[in-house]
1. Please enumerate the residues belonging to segment 166-179 that are closer than 16 Å to residue 24 by Cβ and in a helix (DSSP H, G or I).
2. Which of the following residues is part of a helix (DSSP H, G or I), free of Cβ contacts under 8 Å to residues at least 40 places away in the same chain and under 19 Å from residue 184 (Cα atoms): 149, 163?
3. Name every residue in segment 123-146 that is outside any helix (DSSP H, G or I) and surrounded by 12 or more Cβ atoms within 10 Å (Cβ to Cβ), in order of residue number.
4. Here is a check on your reading of the model: is residue 188 under 16 Å from the mean Cα position of the chain (by Cα), within 30 Å of residue 7 (Cβ to Cβ) and in a helix (DSSP H, G or I)?
5. Would you mention how many residues in segment 15-34 are surrounded by 17 or more Cβ atoms within 10 Å (Cβ to Cβ) and touching a strand residue (DSSP E or B) at 6+ places or on another chain (Cβ under 8 Å)?
6. Here is a check on your reading of the model: is residue 59 farther than 25 Å from residue 158 by Cα, free of Cβ contacts under 8 Å to residues at least 40 places away in the same chain, in contact with a strand residue (DSSP E or B) (Cβ under 7 Å, 6 or more places away or on another chain) and surrounded by fewer than 20 Cβ atoms within 10 Å (Cβ to Cβ)?
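FYI, it's all coordinate maths here, none of it is from the lab. Keep in mind that what you see is a predicted model, and the values were worked out from it rather than measured. Note that we place each Cβ from the backbone using ideal geometry, even for glycine, and neighbour counts take in every protein chain shown.
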């Protein structure tokens with residue numbers, strides 16, 4: 001069996017379109033997929049574990065990581081810095097494991113423009129309609145009317161970046177969307193340029209030809 005280099009799987013969507021649910025389903029389907037743990041400057045909440053939920057860093061530590069190129073992407077949200085450390089992702093790739101990023105279009109854009117951009121597979125999840133999107137947000141029962149209104153206002157800007165992605169799925173049926181997601185990942189894993197062991201394998205086949213002559 002030829003070796004395979006791990007890839008970077010970016011899944012983005014407006015809030016309520018199904019990004020997190022599909023990401024969880026994908027990891028249940030294949031537990032070898034590793035989730036990218038973000039670094040943040042915010043304080044840990046009760047029960048959160050460093051290195052599992054987040055890498056908790058001081059602002060100085062975080063900014064040093066950015067300055068030395070140790071972050072694939074980063075952004076400031078509500079006064080706190082968040083970002084994706086490069087080292088764990090590179091370790092996953094070397095081990096032949098895929099890394100899943102549940103991030104917005106801005107983070108995805110930064111990763112695609114990074115040194116690891118050639119290893120990215122990006123997927124954008126669209127809702128079947130805006131009314132359905134709003135219905136899902138309200139159906140969660142987790143957010144206030146004001147928060148939902150804010151998420152809906154932000155969703156239009158997020159959806160405007162759909163064309164930047166390699167694949168776009170319309171999540172009108174969760175089971176079908178999951179199946180499509182699996183299909184994309186399975187096909188991308190088989191790309192010739194993601195199987196560095198193929199060259200040696202084919203050389204072995206040619207050697208067998210030579211020995212038969």
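1. Our first condition is that a residue be closer than 16 Å to residue 24 by Cβ; within segment 166-179, this holds for 169, 171, 174-175, 177-179.
174, 175, 177, 178, 179 - these are the residues of segment 166-179 that are closer than 16 Å to residue 24 by Cβ and in a helix (DSSP H, G or I).
2. Working: 149 fails: under 19 Å from residue 184 (Cα atoms).
After applying the criteria, what remains is 163.
3. Here is the first cut: in segment 123-146, the ones outside any helix (DSSP H, G or I) are 123-129, 141-144.
Within segment 123-146, 123, 124, 125, 126, 127, 128, 143 meet the criteria.
4. Here the answer is yes, as residue 188 does meet what is asked.
5. 8
6. yes
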